[in-house]
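Below is one structure; the comments refer to it alone.
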């Protein structure tokens with residue numbers, strides 16, 4: 001089983017709305033359709049930067065007041081970035097345009113509990129072929145709903161952080177894992193964190 005040729009995700013024609021909101025780290029954003037959450041924007045330095053990135057990634061989304069279910073998801077994201085436990089298992093995701101292989105990877109990532117991690121290789125094994133580890137990394141790199149699909153909980157071999165395509169790169173990934181109190185199995189992962197990122 002191989003991953004089909006990687007193509008940019010094409011978001012469906014469903015009407016998109018977005019909202020920006022403050023968190024303990026910085027300004028985040030969320031995009032939704034009638035089907036579910038279609039995008040999560042990780043913390044940007046300020047509202048202007050968040051709005052610019054939102055308009056670039058979701059040019060057809062219109063700013064709107066979040067409906068109740070979306071607001072509940074926002075509240076969980078705020079809680080998580082404040083250092084509290086928060087899960088998103090029941091949050092509907094609009095994954096229209098996401099390739100089937102990537103959907104399978106995202107589903108496994110969503111099964112990783114708060115405070116736990118998994119490796120790219122372990123996900124590949126669950127998909128039936130450990131050689132797909134690089135493809136797993138690419139699928140997570142295309143994840144447009146980080147935190148809901150917790151790609152930050154997936155590490156490279158030996159507890160190394162691996163890549164992270166979200167705002168802030170690997171530093172953001174390590175910060176999220178630190179907030180969640182993740183213990184990836186080795187004592188040195190968070191020892192490598194800059195002091196400014198530690199709690």
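Per-structure values
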quantity: Region 126-157, subset over 21 Å from residue 95 (Cβ atoms) and touching a strand residue (DSSP E or B) at 6+ places or on another chain (Cβ under 9 Å), residue surrounded by the most Cβ atoms within 10 Å (Cβ to Cβ); calculated: 155
quantity: One residue from 126, 82 being at pLDDT 95 or above and on the phi < 0 side of the Ramachandran plot; calculated: 126
quantity: Complete set of residues in region 26-73 that are part of a helix (DSSP H, G or I), in contact (Cβ under 8 Å) with a residue 40 or more places away in the chain and crowded, with 17+ Cβ neighbours inside 10 Å; calculated: 70, 73
quantity: Out of 79, 85, 109, sole residue that is in contact (Cβ under 8 Å) with a residue 12 or more places away in the chain and over 14 Å from the mean Cα position of the chain (by Cα); calculated: 85
quantity: Residue that is surrounded by the fewest Cβ atoms within 10 Å (Cβ to Cβ), among those in region 111-125 that are part of a loop (DSSP other than H, G, I, E, B) and in contact with a helix residue (DSSP H, G or I) (Cβ under 8 Å, 6 or more places away or on another chain); calculated: 115
quantity: Test for residue 108: is it touching a helix residue (DSSP H, G or I) at 6+ places or on another chain (Cβ under 8 Å), assigned to a loop (DSSP other than H, G, I, E, B) and assigned by TED's automatic domain parsing to the domain that holds residue 178; calculated: no
quantity: Qualifying positions in region 165-199 - within 24 Å of residue 49 (Cβ to Cβ) and at pLDDT 70 or above; calculated: 169, 170, 171, 172, 173, 174, 175, 176, 177, 178, 179
quantity: Region 118-134, residues that are under 17 Å from the mean Cα position of the chain (by Cα) and closer than 30 Å to residue 33 by Cβ; calculated: 118, 120, 123
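The values are calculated or read from the model by the stated rules, or taken from the named source; none is laboratory data. In this text, all values refer to a predicted model and were calculated from it rather than measured experimentally. Counting neighbours? That spans all protein chains shown, and the Cβs are built from the backbone with ideal geometry, glycine included.
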